[in-house]
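J.: Shown below is the structure under consideration.
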Protein chains: 2
Amino acid sequence: MPYPRDHAARSREKLLANAYKLFISQGYDATSIDEITEGCQLTRGAFYGHFKSKSQLYSEAIVHAARQSRLAGDKPQQLNNKTWIRELLASYLDKDTSAKPDWPCPLAFFATDIAHRKAQVRGAYTNAFASMSTHILEQARTYSQCSEATALAVTVMLIGAVAVARTLADEELRRRLLESCEQIAVAQLQLA
Amino acid sequence: MPYPRDHAARSREKLLANAYKLFISQGYDATSIDEITEGCQLTRGAFYGHFKSKSQLYSEAIVHAARQSRLAGDKPQQLNNKTWIRELLASYLDKDTSAKPDWPCPLAFFATDIAHRKAQVRGAYTNAFASMSTHILEQARTYSQCSEATALAVTVMLIGAVAVARTLADEELRRRLLESCEQIAVAQLQLA
DNA sequence: GTCTATAGAAAGATAGAC
DNA sequence: GTCTATCTTTCTATAGAC
């Protein structure tokens, strides 16, 4: 074999990352496998060497992205819990889309799309959602008596905020929406 | 002409309704024009007699659905404002999908899809969202001092709740999510 | 592991008949 | 106003070479 040891793994990762980027910006249906492979200097043949189908790639991309989320990670030692959550909130609701991470939150970007996908994809989404809301609840409980209802409502508000903000044609309305949600979330989680 | 006077209008309405139903259940891309016309005992030719393109139909369906929403309508005289909003909330977050109206809220069902569509579609969505949040704000102000931030946050929470609930594979989690959001919305809008 | 070539299906939109 | 026929494009997935 003329390929470096980790060549296959790198190709796979490139395909996954590029596919996710395209799914985010164009949607699942509008993104073809040709397009995904082109951006990686590969062809369809390589794609099917790594993934069984486009649908399987979608599931994997969601799981991968959910794991990359800062919300899934651990708190840096030097920060206290309140400071950390406030920072996560601000970063999640950031108005500056160019400052977004490479793997924007799939919960917000694919919210309504998942309903039409196969059970496997819906399962991956469900797990990611449960994980995000649990994480918020656990953090909030380190300094307050946060109810499960509050955590669920705040989680879904954050997701809804990012999803809707992205669709709005009115820049000013988008800004107000994101700022409002940050403000209400801060109050709900007693971060003031 | 062998057709009844309102034949064209009825065909148009049938196409619009069936298309929306299919968009809701399968998504925009997965729904073909053949499928839309089949359900109405019509063919592609008839479709293009009424709509310039699939994309134009999508815009129209969103506007149409937003207008059908109970939130867009007026309060029945016999109800006071608080009672009415509570009822709207409960109906919007209803767990029983079979009880859903014929035109489920496009804001929730298409939230993440709109971002990939043309300016015209995004404009229609933006207007519908602004209208929903304004409506909530105005109603809440008839009995309380509700901030614009609260109205925006509650609106987006409701949309997010329905959008996410529909995707969850876990029935129990869905139930808890919808109930939590109703509870928090009632508190936020001082409906208790 | 990745390539090219191709099979096979389906879609959006148009043209012209009735 | 609606039909049938067709053009044209695009897509997923597979087969077999290297």
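Bear in mind that the values in this text are calculations on the coordinates, not laboratory data. Predicted model only: the values in this text are computed from it and were never measured. With ideal geometry, Cβ positions are generated from the backbone for all residues, glycine too; neighbour counts draw on all protein chains shown.
J.: What would the Debye formula give as log10 I(q)/I(0) at q = 0.15 Å⁻¹ for the alpha-carbon point model of the range B:7-51, no solvent?
T.: -0.31
J.: Determine the shape class of the protein assembly as shown: with a ≥ b ≥ c the square roots of the Cα gyration tensor eigenvalues, call it rounded for a/c under 1.5, and otherwise prolate if a/b is greater than b/c, oblate otherwise.
T.: oblate
J.: Taking a virtual spin label 7 Å from the Cα of residue B:142 along the C-beta vector, which residues in the range B:162-192 bring their backbone nitrogen under 17 Å of it?
T.: Answer for this model: B:189-192.
J.: Strictly greater than 28 Å: what percent of every Cα pair in chain B meets that?
T.: Numbers: 6013 of 18336 pairs.
Pairs farther apart than 28 Å: 33 percent.
J.: Sorted from fewest to most neighbouring beta carbons within 10 Å, what does the list B:162, B:156 look like? Can you show the working numbers first?
T.: Numbers: B:162 26, B:156 30.
Starting with the residue having the fewest Cβ neighbours, the order is B:162, B:156.
J.: Taking 24 Å as the cut-off for C-alpha to C-alpha distance, list the pairs among A:52/B:118; A:21/A:54; A:21/A:95; A:14/A:75; A:21/A:52; A:118/B:21 that go past it. Walk me through the numbers on the way to the answer.
T.: On the way: A:52/B:118 32 Å; A:21/A:54 14 Å; A:21/A:95 19 Å; A:14/A:75 28 Å; A:21/A:52 20 Å; A:118/B:21 19 Å.
Cα-Cα > 24 Å for A:52/B:118; A:14/A:75; rest within.
J.: Which whole-angstrom value gives the distance between the alpha carbon centres of the range B:132-159 and the range B:40-110?
T.: Between the Cα centre of the range B:132-159 and that of the range B:40-110, the gap is 20 Å.
J.: Net charge near residue A:79: determine it from the other residues with C-beta under 10 Å of the C-beta of residue A:79, scoring Lys and Arg +1 and Asp and Glu -1. Walk me through the intermediate numbers first.
T.: Details: positive: A:75, A:82, A:86; negative: A:87.
Surrounding charge for residue A:79 is +2.
J.: Right, something else. Going highest first, how would you order B:106-113, B:31-38, B:124-131 by mean Cβ packing within 10 Å? Please report the intermediate quantities before stating the final value.
T.: On the way: B:106-113: 26.0, B:31-38: 16.6, B:124-131: 20.5.
Result, highest mean first: B:106-113, B:124-131, B:31-38.
J.: Run through the other copies and list how far each one's label point is from that of residue B:48, in nm with one decimal, shortest first; the point sits 7 Å from Cα along Cα-Cβ.
T.: In nanometres, ordered from closest: 3.3.
J.: Give the aspartates and glutamates whose C-alpha is closer than 16 Å to that of residue B:82, dropping any in the same chain fewer than 8 places away, or say none.
T.: Cα-Cα hits under 16 Å: B:74, B:138, B:182.
J.: A follow-up question, please. For the rotation taking chain B to chain A, which residue of B has the Cβ nearest the axis, and how many Å away is it?
T.: B:160, 1
J.: Still on this structure: Could you pull the copy-to-copy label distances for residue B:87, with points set 7 Å along Cα to Cβ, in nm to one decimal and sorted shortest first?
T.: 4.9
J.: Got a sec? How would B:87, B:172, B:60 order by Cβ neighbour count within 10 Å, fewest to most?
T.: On the way: B:87 14, B:172 8, B:60 20.
Final ranking by Cβ density, sparse to dense: B:172, B:87, B:60.
J.: May I ask you to report, in nm to one decimal and beginning with the shortest, the distances from residue A:7 to the same position in the other copies, taking label points 7 Å along Cα-to-Cβ?
T.: Copy-to-copy label distances for residue A:7: 6.7 nm.
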